[in-house]
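Chemist: This structure is in structure tokens; I'll ask about it shortly.
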Amino acid sequence: MKQIAIFASGSGSNAERIAEYFSQKPGVEITLILTNNPQAGVIQRARKLHIPVVVFDRATFYESERVLQLLRKQEIDLIVLAGFMMLIPEGLVKAFPNRILNIHPALLPRYGGKGMYGHFVHEAVIAAGEVESGITIHYVNEHYDEGQIAFQVSCPVAPTDTAADVARKVQVLEHEHYPRVVEQVLNALPE
């Protein structure tokens, strides 16, 4: 059985979509959902899906190895970031080399980096007059949005689109592609 841990900070729509996708796949389990936000919508989604939730604070994440120890105890094979807003500590990246995936709501390397998430990305895309946006799924390293790209797909941005319009188009791409790419990465991992 391959074990996935999902980290999320917000509403959790991608986490829910991934959990639903893998509920139909024997041999894969979403073992944990971890969040740094005790008010995150992902908590309710996880409860509805009967997935254990772990809430941690900044100090626990950056100043202790409790999260890493938990992931090891659960024998996690792959970590999936689904709207997780904290930089992954170097120790966690080193403990899970090429085993942490993130999704970014733009075509990296553009519109990435600290503070570039959610509506900030979509507003920047609109402000720049871009004709396309999309998603980037990438491996996580010690820097925001700089890891090796695993998958990208684009969507058009019309001249009349607002940031909210772009957000809706991007979310459709996220829900369609992220679970499948997670599965491909998981299947390619050495035993």
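Just so you know, all these numbers are worked out from the coordinates, no wet-lab data involved. The structure presented is a predicted model; accordingly, all values stated were derived computationally and were not measured. Positions of Cβ are backbone-derived with ideal geometry, glycine not excepted, and every protein chain shown enters the neighbour counts.
Chemist: Exceeding 23 Å between C-alpha atoms, which entries from my cross-link table qualify? They are K2/K94; K73/K114; K48/K94; K25/K114.
Modeler: K73/K114; K48/K94; K25/K114
Chemist: Using the 10 angstrom Cβ neighbour count as an exposure proxy, how do M85, M1 rank, fewest first?
Modeler: The most exposed by this proxy come first: M1, M85.
Chemist: A further question follows. Per residue of the chain, what 222 nm ellipticity follows from adding -39500 (n - 2.57) for every DSSP H run with n ≥ 4, rounded to the nearest 500?
Modeler: Calculated at 222 nm, the ellipticity per residue is -12000 deg cm²/dmol.
Chemist: Hey, what did the chain get for relative contact order, percent, Cα under 8 Å, at least 6 apart?
Modeler: In percent, rounded to a whole number, it is 20.
Chemist: When ranked by the protection proxy of mean other Cβ atoms within 10 Å per residue, highest first, what sequence do the peptides 24-36, 62-74 form?
Modeler: Most protected by this proxy first, the peptides run 24-36, 62-74.
Chemist: While we're here: If Rh is defined by the Kirkwood formula over all Cα pairs and Rg also comes from Cα, what ratio Rg/Rh do you get for the range 90-174?
Modeler: Reported Rg/Rh, Kirkwood definition of Rh: 1.02.
Chemist: Take peptides 76-83, 176-183 and line them up by average Cβ neighbours within 10 Å, highest first, as a rough protection proxy.
Modeler: In descending order of packing, they fall as 76-83, 176-183.
Chemist: Using Cα centres only, tell me the gap between the range 21-87 and the range 139-174 in whole Å.
Modeler: Here the answer is 23 Å between Cα centres.
Chemist: Could you list L101, L189 so that the one with the fewest beta carbons within 10 Å of its beta carbon is first and the one with the most is last?
Modeler: So the ranking, lowest neighbour count to highest, is L189, L101.
Chemist: Another one. Quick one: which residues, 5 or more positions from L108 or on another chain, have an amide H under 5 Å from its amide H? H modelled 1.01 Å from N in the peptide plane, none for Pro or chain starts.
Modeler: Close amide H contacts, sequence-distant or interchain: T136.
Chemist: Next question. Name the helices (complete DSSP H segments) of the chain with a Cα length along the long axis of 30 Å or more and a Kyte-Doolittle mean of at least -0.5, or state none.
Modeler: 163-188
Chemist: Ranking H104, H119, H50 by Cβ neighbours within 10 Å, fewest first, what do you get?
Modeler: Going from sparsest to densest Cβ surroundings: H50, H119, H104.
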